[in-house]
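**Student:** Structure provided below as structure tokens; questions to follow.
The values are calculated or read from the model by the stated rules, or taken from the named source; none is laboratory data. Predicted model only: the values in this text are computed from it and were never measured. Cβ placement follows ideal geometry from the backbone for every residue including glycine, while neighbour counts extend to all protein chains displayed.
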Amino acid sequence: MPEYIVEIVIENKPAARDPEGQTVQKDLINRGGYDMVTSVRSGKYFRMTVKASNEKEAKDIVFKLSNDLRIFNPVAHICTITVKGER
């Protein structure tokens, strides 16, 4: 059975506070002289290798496990799942 590389990006929703992103922007970027950066949002990134019959099944497996295991909070986060290809 083929293996697929699947990426998961979890970001705070636009209306949610992001103190980590604000700190990075204020303390690192602006103080480093990069005032042209006007916004920083932090998030989480996961990369999984999944055995599946096809790309759709790989994405469905990761979607199901993301919801079943609550790796993100759907009230506060946006979860984007992308199949990057076969391994």
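**Student:** Please determine, by comparing only the residues of segment 41-87 that are part of a loop (DSSP other than H, G, I, E, B) and in contact with a helix residue (DSSP H, G or I) (Cβ under 6 Å, 6 or more places away or on another chain), which one is farthest from Pro19 (Cα to Cα).
**Tutor:** Among those residues, the one meeting the criterion is Ala52.
**Student:** Let me ask another. Looking only at segment 24-48, filter to residues that are among the polar types (S, T, N, Q) and surrounded by fewer than 13 Cβ atoms within 10 Å (Cβ to Cβ); which one of those is nearest to Lys84 (Cα to Cα)?
**Tutor:** Going through the qualifying residues, I end up with Ser39.
**Student:** What number of residues within segment 14-23 are surrounded by 15 or more Cβ atoms within 10 Å (Cβ to Cβ) and in a loop (DSSP other than H, G, I, E, B)?
**Tutor:** 1
**Student:** Within segment 28-35, does at least one residue satisfy the condition of being closer than 20 Å to Pro2 by Cα and either of a type in the set (Ser, Thr, Tyr) or part of a helix (DSSP H, G or I) (or both)?
**Tutor:** no
**Student:** For residues that are among the polar types (S, T, N, Q) and more than 15 Å from Val9 (Cβ to Cβ), scanning just segment 53-80, find the one that is farthest from the chain's Cα centre (by Cα).
**Tutor:** Of everything passing the filter in segment 53-80, Ser53 is farthest from the chain's Cα centre (by Cα).
**Student:** Quick one: is Thr38 modelled with pLDDT under 95, assigned to a loop (DSSP other than H, G, I, E, B) and polar (S, T, N, Q)?
**Tutor:** yes
**Student:** Of the conditions (1) without any contact (Cβ under 8 Å) to a residue 60 or more places away in the chain; (2) surrounded by 13 or more Cβ atoms within 10 Å (Cβ to Cβ); (3) of a type outside the set (A, V, I, L, M), Asp68 fails just one. Which one is it?
**Tutor:** Answer for Asp68: the failing condition is (2).
**Student:** Against the definition (under 27 Å from Lys84 (Cβ atoms), of a type in the set (Asp, Glu) and part of a helix (DSSP H, G or I)), how does Glu11 come out, yes or no?
**Tutor:** No.
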